Amino acid sequence: MSFNKKYLILVFALLLLIAPVSAESNWLSFQGSVDHQAFSDENADFVSNIWFSNLESSVLSSPAISDNFIYLISEEGILKVFNMENGDLSWQLDINSSTLSSPVIKDDQLFVGNDDGLIAVNLTSYEISWKFETTKPVNSTAFINDDTIYVGCDNGHLYGLDIDNGDKVLDVELGGKIQSSPIIVNDTIFVGSTNNEFYSLTMNGDENWIYTTGDQITSSPAYADGRIAFGSQDSFIYVLNSTTGSLLWSEDLGNSVKASPTMDSYDNNLFIGSDGGNITCFDLRDGTEKWSFNTGSPVESTAAIKDNQIVAGSNNGNIYVLNKYTGNPDFTYNPGTILFNSPISSSPVIYGDNVLFADESGYLYSFNIEKNEAPTPIFFYYSLAVLIIVLAICVVAIKKYRRK
């Protein structure tokens, strides 16, 4: 073999080794991708463990993952970064603004919206590198496309910002509040608004088409196989032709749909939660219902997918691992142990065998989806203490009764 051939093979091998690492370092949109599957392969040397950590404030935002770290921000605006192997806090930053949107990551920069606008955080210096201020809160999760960040605002504007300095490169007024998180597919921007409209826009902000629903759209769109899907608070899930905007199918879920859909083109599945408490699986092609699982409380969490399982939270305080073909529960975890249940409206993410999710009590949990092993939560001990107190009261009451 010639020297040149050996050199080319060596370069090719190095590129194969480097490429996956670079890909894993980015989390470019809500739930990590345009289909919302929220799954990332773990690094080869990652060791799975079960753990929980306290963010000390309610969490409505969903996490982002990059390499071996998970990034999550509380409602009070405290960004915390945890090592996913053991739950140790790596570092934290107070951004001094209430936050409902979820972070996104590209290379060494994190971006997240808050009540004052959108900020960029340098992940090397742990400092805010720039701010883009708005007149109303940014509750939409940003989408990173090349060197531009696209995000909606409660003032009805969709913005495009330069990733390096936050300079505005696009400003389109759509109306309503843009709390839905935009996605970009084939140089087309898709986003919904609380004015009941769903938009397809060119990269210059011009309208391709608009689809009107019966109520507000806060659900974020998902894309697969030329189909764009989103929920509306009119209780319907809509699936449109992404090019023409024509309706392919819609189904009435019987209650408001605030959750975002997850699409699985391999098995032609669409998963969606509703305020009626159901997690439902539809055939992506024609809307045929394959199964529906009722949790008993609103489902605002967006499902994550790994292999033949989906994971989603419910406002009843449970996180569910369901078989994606049947809807039967493989595993259910209740960190509040019934007495201290807290809604799980944040959406879970999956890193290898680890499912990571947060609840509104402010705790972040990691459990093993392969072994169905979860940490014993702090609320187990609280519940045990309550039980002991109740039993003690009962014993005292019985003794007093017998003395009479």
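The values are calculated or read from the model by the stated rules, or taken from the named source; none is laboratory data. Here the structure is a predicted model, which is why all the values come from computation and not from measurement. Here Cβ is always computed from backbone atoms with ideal geometry, including for glycine, and neighbour counts include all displayed protein chains. Just the protein is used for accessible areas: all its heavy atoms, side chains included, with ligands, DNA and RNA removed. Shrake-Rupley method; radii C 1.70, N 1.55, O 1.52, S 1.80 Å.
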Per residue, how large is the accessible surface of the chain? Use a 1.4 angstrom probe and give square angstrom.
42
Considering only C-alpha atoms, what is the centroid distance from region 62-137 to region 204-224, in Å?
27
Can you give the calculated 222 nm mean residue ellipticity of the chain, where each DSSP H run of n ≥ 4 adds -39,500 (n - 2.57) and the sum is split over every residue, rounded to the nearest 500 deg cm²/dmol?
-4000 deg cm²/dmol
Most fluctuating residue of Val349, Val185, Val121 in a GNM of the chain with Cα springs under 10 Å: which is it?
Val185
C-alpha long axis of helix 3-24 to longest principal axis of the chain, angle in °
50
Could you tell me the relative contact order of region 122-221? Use alpha-carbon pairs under 8 Å, at least six residues apart, and round to a whole percent.
19
Select from Leu387, Leu247, Leu79 the residue whose mean-square fluctuation is largest in a Gaussian network model of the chain (Cα-Cα springs shorter than 10 Å).
Leu387
If the only charges are +1 at each Lys and Arg Cβ and -1 at each Asp and Glu Cβ, what is the size of the charge dipole of the chain around the Cα centre, to the nearest 20 debye?
1860
The helix 378-403 Cα axis meets the longest alpha-carbon principal axis of the chain at an angle in degrees, between 0 and 90 and rounded to 10, of 20
For region 31-71, just the Cα set please: Rg and Dmax, both in angstrom.
12.3, 33
If you place +1 on the Cβ of every Lys and Arg, -1 on the Cβ of every Asp and Glu, and leave all else neutral, what size is the dipole of region 280-327 about its Cα centre, to the nearest 20 Debye?
120
Report in % the part of the accessible area of the chain that belongs to carbon and sulfur, leaving out ligands and nucleic acids; probe 1.4 Å.
50
Within straight-line cross-link reach of Lys399, lysines at Cα separation under 21 Å, skipping those fewer than 8 residues along the same chain
none
How large is the Rg to Rh ratio of region 187-330 when both quantities use alpha carbon positions and Rh follows Kirkwood?
0.97
